[in-house]
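Q: This is the structure I have questions about; it appears just below.
Each value in this text was obtained by applying a stated rule to the coordinates, not by laboratory testing. Predicted, not measured: the structure shown is a model, and the values here were computed from it. Note that we place each Cβ from the backbone using ideal geometry, even for glycine, and neighbour counts take in every protein chain shown.
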Amino acid sequence: MDEPIISLRNVSYLYPHAEESQRPALSGIDLEIAAGEFVGLVGANGSGKTTLARLLNALIIPAAGEVRIAGLLTSDRSNHDRIRETAGMVFQNPDSQIVATSVGDDIAFGLENIGLPPEEIEARITEAAARFGVADLLEREPHWLSGGQKQRTVLAGVVALEPSLLILDEPTSMLDPASGRQFRRLVDELRRGGTTIIYITHMMEELVGAGRLVALDGGRIAFDGEPGDFFTSPELLERTSLEAPLAARLSAAVPRGDGKRLPLTIEQLAAEICA
Ligand SMILES: Nc1ncnc2c1ncn2[C@@H]1O[C@H](COP(=O)(O)OP(=O)(O)OP(=O)(O)O)[C@@H](O)[C@H]1O
Ligand SMILES: [Mg+2]
């Protein structure tokens, strides 16, 4: 097998300023993700999803165990530039990620950092701005944008860098439904192009297309497998404060033949009803 793009071995993390009684945000995490996978990362509030995302981007270093991105150890500072070029991260809160005083400059920031020529930077800004619907906002001050507009700005800036690994921490939390759908189509496009995607969300509908789902509970991995198996386990859903997608809930409530896979999308459910 090729080297996994993400590899965590026995990783634990305790925030430095945590209170004495606080348990580690993550404990004993073993996880390997191959290049090209689309993995949904789920779990209740405080279960450790964002902490795991920060570990993947070398923003924090594990207290125990090791994290490797494309084979590079995050505990080695000299790897950080290469790790951050590989792993693009969209944070939960766009305010924490916007650095420049205009939307255009913000998208340009990362591109300038990796030293692209000016014409290439211009072209990538134009393309990303169009893709994420901020082309009319390039001159605007990010401070005055709506939450969804800020989130699109951040997404445009990260996707413009064309990272081979994209870590998305609740990327659609501030988008209206149409923009959310459009964003998911774009994620799908990136995935088909070979980008590895770690997608954190509380909305299970967003993960019906994921090949793999990892669920955290109290800083430990509670499930790692096919989304369909997760959605049919009331015990796991309860433990992780999650709800199966609408189609799965609906069909679970209707008496049906045995042995069939639970439909996860509205389209699959409709096909089943018609049959
Ligand atoms: N900067 C910090 N300092 C101390 N403790 C923290 C810090 N950030 C998070 N924690 C703690 O670490 C644990 C995991 O938090 P994390 O943010 O990773 O959860 P999450 O799964 O992303 O939750 P959410 O769904 O609310 O985004 C929680 O108990 C939280 O209180
Ligand atoms: Mg979080």
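Q: Taking neighbour counts of Cβ atoms within 10 Å as a proxy for exposure, in what order, fewest first, do Arg181, Arg212 appear?
A: Arranged by neighbour count, lowest to highest, Arg181, Arg212 become Arg181, Arg212.
Q: If one computes P(r) from the Cα atoms of the range 1-49, what percent of pairs lie at distances over 16 Å? Could the numbers behind the result be given before it?
A: Details: 631 of 1176 pairs.
When all Cα pairs of the range 1-49 are counted, 54 percent exceed 16 Å.
Q: Considering amide H positions built from the backbone, and no H for Pro or chain starts, which residues 5 or more places from Ala222, or on another chain, come under 5 Å of its amide H?
A: Long-range HN contacts for Ala222: Ala215, Leu216, Asp217.
Q: Go through Leu138, Asn93, Leu116 and say which Cα lies farthest out towards the positive end of the charge dipole of the range 93-155; charges sit on Cβ, +1 for Lys and Arg, -1 for Asp and Glu.
A: Positive-most Cα among the choices belongs to Asn93.
Q: Give the Cα extents of the chain along the principal axes, in whole Å, largest first.
A: Projected onto the principal axes, the Cα atoms of the chain cover 61, 46, 40 Å.
Q: For the range 1-117, what is the Kirkwood hydrodynamic radius in Å, using each pair of distinct C-alpha atoms? Intermediate values should be presented prior to the final figure.
A: On the way: mean 1/r = 0.0633 Å⁻¹.
Value: 15.8 Å, from the Cα pair sum.
Q: Here is a further query. With the Cα gyration tensor of the range 77-121 in hand, give its eigenvalues times 5 under a square root as the equivalent ellipsoid semi-axes, listed largest first in whole angstrom.
A: For the range 77-121, the ellipsoid semi-axes come out as 19, 17, 8 Å.
Q: Place a +1 charge on the Cβ of each Lys and Arg in the chain and a -1 charge on the Cβ of each Asp and Glu, then give the dipole magnitude about the Cα centre in debye, rounded to the nearest 20.
A: Roughly 500 debye for the chain.
Q: Grab the eigenvalues of the alpha-carbon gyration tensor for the range 9-77, scale each by 5, take roots, and send me the semi-axes largest first in whole angstrom.
A: 21, 16, 10
Q: Where the only charges are on Cβ atoms (+1 Lys, Arg; -1 Asp, Glu), what is the dipole of the range 1-94 about its Cα centre, to the nearest 20 debye?
A: 220
Q: Express the relative contact order of the chain as a whole percentage, based on alpha carbon pairs under 8 Å and six or more residues apart in sequence. Walk me through the numbers before you get to the answer.
A: On the way: 492 pairs, mean separation 59.5, N = 275.
The normalised contact order for the chain reaches 22 percent.
Q: Among Thr126, Gly147, Leu161, flag the residue with its Cα farthest along the positive direction of the charge dipole of the range 110-174, charges on Cβ as +1 for Lys/Arg and -1 for Asp/Glu.
A: Gly147
Q: Please list, ordered by chain and number, the residues whose modelled amide H lies under 5 Å from the amide H of Met89; skip anything fewer than 5 residues away on the same chain.
A: Amide H neighbours of Met89, under 5 Å, 5+ apart: Ile167.
Q: Further question: Run the quick spin-label model on Thr232 and Leu186: label points 7 Å from Cα toward the beta carbon, then report their separation in nm to one decimal.
A: 3.5
Q: Using a 10 Å Cβ count of at most 16 others and DSSP loop calls, identify the longest part of the chain lacking such GluC sites (Glu not before Pro).
A: Numbers: sites that count: Glu19, Glu20, Glu139, Glu243.
With GluC sites (Glu not before Pro) excluded where exposed in loops, the chain gives 21-138 as its longest stretch.
Q: Show me, bin by bin at 10 Å from 0, the whole-percent P(r) of the range 100-174 based on Cα pairs.
A: Percent of Cα pairs in each bin: 21, 55, 23, 1.
Q: Still on this structure: If you take the beta carbon distance between Glu119 and Glu267 as r and set R0 to 41 Å, what does 1/(1 + (r/R0)^6) give as a FRET efficiency, to the nearest 0.05? Working shown, then result.
A: Details: r = 43 Å, r/R0 = 1.04.
That gives a FRET efficiency of 0.45.
Q: Please list 3J(HN,Hα) in residue order for the range 140-152, calculated via the Karplus relation 6.51 cos²θ - 1.76 cosθ + 1.60 where θ = phi - 60°; whole Hz, with x for glycine and proline.
A: My calculation for the range 140-152 gives 6, 7, x, 3, 9, 8, 6, x, x, 5, 5, 4, 5 Hz in order.
Q: Give or take rounding to whole Å, what are the principal axis extents of the alpha carbon atoms in the range 64-213, in descending order?
A: Computed over the Cα atoms, the extents are 44, 38, 28 Å.
Q: OK, next. To the nearest 0.05, what FRET efficiency results for Thr126 and Ser21 with a Förster distance of 51 Å applied to their C-beta separation?
A: 0.50
Q: Shifting gears a bit: Apply the Karplus curve 6.51 cos²θ - 1.76 cosθ + 1.60, θ = phi - 60°, to the phi angles in the range 187-193 and return the couplings in whole Hz, x for Gly and Pro.
A: Those phi angles translate into 4, 4, 4, 5, 5, 4, x Hz.
Q: Let me ask you something else. In nm², what is the average projected area of the convex hull enclosing the Cα atoms of the range 127-250?
A: Working: hull surface 35.1 nm².
Averaged projected area of the range 127-250's Cα convex hull equals 8.8 nm².
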